[in-house]
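Asks: Please see the structure below; I have some questions.
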Amino acid sequence: MTGEREAPLSPAQLAIWMHEQVSAEPTLYVEHACYEILGDLDEDAFAHTVERALAAHPAFSAAVHARGALPRMELGVHPVTVERRTVNADELAATLRRESLSGPSLAEGQLSRCLLLTVGPGRRVLLVVWHHLVADGASLRVFLRTLQDLWSGAPPREAGDGLTVCDVALEQRAAASAATDRAREVAERVAGLPVRALPPLEEGPGQSRCVVWDEPTGAIEGLARAATAARVTVPMLLNAAFQRAVGQVWGLGEFLLGCVAEGRSVPGSRDLVGCFVNTILLRADGSRGGTDREVLRASGRELATALTTQDVPFGAVASQLLREVRPRPRYFPQIYLSMDGPHPLELPGLECSRVRIYHPQAKFEVALILEFTEDAVRGVLQYRTSVLTERTARRLVDAFTDGLRELVKAYDRTG
């Protein structure tokens, strides 16, 4: 690796950049992470440590230039400093909702910002906001690990051979140019399923909406035990429950389901902050045919198979599948599933807890975004009014939650 500091966007980044250009929602790709910190904290030392953690990952200070044939990312253009404010407790929720969508902008150049809010004695809130071109979900875990290492005095882990996100983007672009045959194989595996599984309810892209559920609704004791007993992973269990819910609510049999994959196949990229995610396509089955075990095994095998091709650029697969489709859909795939574990912040001597702020940001027409632990699942259903009503969205969430509890009850014999 050469330690490149500037490069054209990767295929995944370019897809995000292009989608934002045609979207009427300027904050569609603004992401955030928020943590409440309780305890005796040296604010000066902590703010300095956060700035060091951000600087350790130059994607946070990157800019995207639209000049030339392809937009390019340049690292180190906008160093991120910690903004410090005092906020009254009764203003905190409104402040976080506003600030978690504020700042990062392709038009204005700076793609990341960070706030440290003092709410009262011994109570502070850390808020990091970034554009999705800068970092994906797995990157948050990398950044938090760096922050924890620096705060505890340990040297942060570094990517091998001076690897940068620009190096990875160049490798991914080179791999994409040679992925035609593999993309064709993926397209053939899911061929025959309808590109549009959901009928439109209104003209145009519709508006972003969301349905949130959390504790106690998401408490599902024995979730991990049930997955182990069924000889599948927790994501496989969640995937099967979602497919059943889609079939129950819409009466769909086989349909295309998009799932998020980390896309960190380049050696060393697991220790980088960057946008590496890729979309993989599954042959989903919404029917309730077969036993629970048969359904879990079938959906689990399909997910495992799809993950073996997570380095194949989704754009190359989509171009194969959409070649003869006219008019092309605004969103493809229509139905999407994202699953991840928790992202805890652990600082010695301090009590840290995640603060969740949900905004309607439907990047797909229907997207279920889940965070799971051993005994709980929480998340948000993002959807567009062009294909879904609020009533149907809530039916889908209820069907997923009830179906997941049924599967867990069938396999968790210790609860």
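Asks: Taking the range 105-121 only, how many residues are closer than 18 Å to residue 50 by Cα and either of a type outside the set (Ser, Thr, Tyr) or surrounded by 20 or more Cβ atoms within 10 Å (Cβ to Cβ) (or both)?
Replies: Residues that pass the stated criteria total 8.
Asks: Let me ask something else. Go through (1) open to solvent by 40 Å² or more (accessible area, probe 1.4 Å); (2) modelled with pLDDT under 95; (3) more than 15 Å from residue 258 (Cβ to Cβ); (4) outside any loop (DSSP other than H, G, I, E, B) one by one and return the number of the condition residue 287 breaks.
Replies: Result: residue 287 fails condition (4) only.
Asks: Looking for whichever is modelled with pLDDT under 95 and in contact with a Gly (Cβ under 9 Å, 6 or more places away or on another chain) here; the options are 263, 268, 204, 192. Which one fits?
Replies: Checking each option against the conditions leaves just 268.
Asks: Now for a different question. Within the group 169, 154, which residue is free of Cβ contacts under 8 Å to residues at least 60 places away in the same chain and either part of a loop (DSSP other than H, G, I, E, B) or in contact with a strand residue (DSSP E or B) (Cβ under 9 Å, 6 or more places away or on another chain) (or both)?
Replies: 154
Asks: Can you list the strands (runs of 3 or more DSSP E) lying wholly within the range 316-415 that have 2 or more residues being modelled with pLDDT of 95 or more, on the phi < 0 side of the Ramachandran plot and open to solvent by less than 10 Å² (accessible area, probe 1.4 Å)?
Replies: 335-340, 366-372, 377-384
Asks: Any residue in the range 101-129 that is on the phi > 0 side of the Ramachandran plot and among the hydrophobic types (A, V, I, L, M, F, W, C) sitting within a Cβ distance under 7 Å of a residue that is assigned to a strand (DSSP E or B) and buried (at least 21 other Cβ atoms within 10 Å of the Cβ)? List the pairs, counting only those 6 or more apart or interchain.
Replies: Pairs that qualify, where the first residue is on the phi > 0 side of the Ramachandran plot and among the hydrophobic types (A, V, I, L, M, F, W, C) and the partner is assigned to a strand (DSSP E or B) and buried (at least 21 other Cβ atoms within 10 Å of the Cβ): there are none.
Asks: Could you figure out which of (1) in contact with a Lys or Arg (Cβ under 9 Å, 6 or more places away or on another chain); (2) surrounded by fewer than 20 Cβ atoms within 10 Å (Cβ to Cβ) isn't true of residue 154?
Replies: Unmet for residue 154, out of (1) in contact with a Lys or Arg (Cβ under 9 Å, 6 or more places away or on another chain); (2) surrounded by fewer than 20 Cβ atoms within 10 Å (Cβ to Cβ): (1).
Asks: Follow-up question, since we're still on this one. Go through 235, 199 for me and flag whichever is more than 21 Å from the chain's Cα centre (by Cα) and either not in a helix (DSSP H, G or I) or not aliphatic (A, V, I, L, M) (or both).
Replies: Only one candidate qualifies: 199.
Asks: Which pairs do you get when a residue that is in a loop (DSSP other than H, G, I, E, B), found in the range 248-269, comes within reach of a residue that is of a type in the set (Ser, Thr, Tyr) and surrounded by fewer than 20 Cβ atoms within 10 Å (Cβ to Cβ), reach meaning Cβ atoms under 6 angstrom, with the pair 6+ apart or on two chains?
Replies: Cβ pairs passing all conditions: 253/287.
Asks: Something else about it: Tally time: how many residues in the range 217-232 are farther than 24 Å from residue 391 by Cβ, open to solvent by 30 Å² or more (accessible area, probe 1.4 Å) and either of a type in the set (Ser, Thr, Tyr) or not in a helix (DSSP H, G or I) (or both)?
Replies: Residues flagged as farther than 24 Å from residue 391 by Cβ, open to solvent by 30 Å² or more (accessible area, probe 1.4 Å) and either of a type in the set (Ser, Thr, Tyr) or not in a helix (DSSP H, G or I) (or both) within the range 217-232 amount to 4.
The values are calculated or read from the model by the stated rules, or taken from the named source; none is laboratory data. This is a predicted model, so every value here is computed, not measured. We place every Cβ from the backbone using ideal geometry, glycine too, and count neighbours over all the protein chains shown. Quick note on the areas: whole protein, heavy atoms, side chains included, nothing else; ligands and nucleic acids left out. Shrake-Rupley method; radii C 1.70, N 1.55, O 1.52, S 1.80 Å.
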